[in-house]
Amino acid sequence: MQSPTETDAALAHALIGTPYRFLGVLGRGGMSTVVEAEHTGLATRVVVKLLRPELSARPDLVDRLRIEAQALARLDHPNLVSVSDFGRTPSGLSYLVMERLEGGTFLDELRKRRFLPAAEAIDLMLQALAG
């Protein structure tokens, strides 16, 4: 298994040749790694979802990521993250690019506060459902 530093270096290298410069890992999942990056031409921070190398070799999963990117790019709502790009790195990793949002997750908030008042919880769920 690679160390986190080797993985970070590999991710930084994977973005070479794209408009994005690796800044750090935000999360890892079974199918992809989500990284913070900077669009080098615009100097804006974004989030790049990179499909894992072995999965980027599968046309069905690349197509699934493309469909996800297209669907999200067509949506415009303040409660949804916006998608601005989809592509393939020179090393062959498929990726999609989203806006960088600041703040924590609902789970983070629950862990910190243990519970939310009913009215606040209902309001948050209504906002999520509106998106």
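The values are calculated or read from the model by the stated rules, or taken from the named source; none is laboratory data. Everything numeric in this text was worked out from a predicted model, so none of it was measured. No Cβ is skipped: glycine too gets one built from the backbone with ideal geometry, and neighbour counts run over all protein chains shown. Note: accessible area is taken over every heavy atom of the protein model, side chains too, but ligands, DNA and RNA are not part of it. Shrake-Rupley method; radii C 1.70, N 1.55, O 1.52, S 1.80 Å.
Quick look at the values:
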item	result
Integer Hz, Karplus 6.51/-1.76/1.60 couplings in order for region 84-99, x for Gly and Pro	10, 7, 8, x, 9, 6, x, 7, x, 7, 7, 8, 10, 10, 10, 5
Calculated FRET value between residue 16 and residue 124, using beta carbons and R₀ = 35 Å, to 0.05	0.30
Phi to ³J(HN,Hα) by Karplus 6.51 cos²θ - 1.76 cosθ + 1.60 over region 115-120, Hz, x for Gly, Pro	7, 10, x, 3, 5, 5
With every protein chain in place, region 1-106: carbon and sulfur % of accessible area (1.4 Å)	56
Theoretical FRET efficiency, 1/(1+(r/R0)^6), r = Cβ-Cβ of residue 8 and residue 106, R0 30 Å, to 0.05	0.65
Accessible surface of residue 34 - all protein chains present, 1.4 Å probe, nearest 10 Å²	40
Integer Hz, Karplus 6.51/-1.76/1.60 couplings in order for region 16-21, x for Gly and Pro	4, x, 10, x, 10, 10
Nonlocal amide H pairs with residue 23, under 5 Å, H built at 1.01 Å	36, 37, 38
Region 53-131: chymotrypsin sites (Phe, Trp or Tyr not before Pro) falling in loop per DSSP and having at most 11 other Cβ within 10 Å	115
Cα gyration tensor shape for region 22-100, rounded if a/c is under 1.5, else prolate or oblate	oblate
Å² per residue, accessible surface of the chain at 1.4 Å	65
Rounded accessible area of residue 51 (nearest 10 Å², 1.4 Å probe)	10
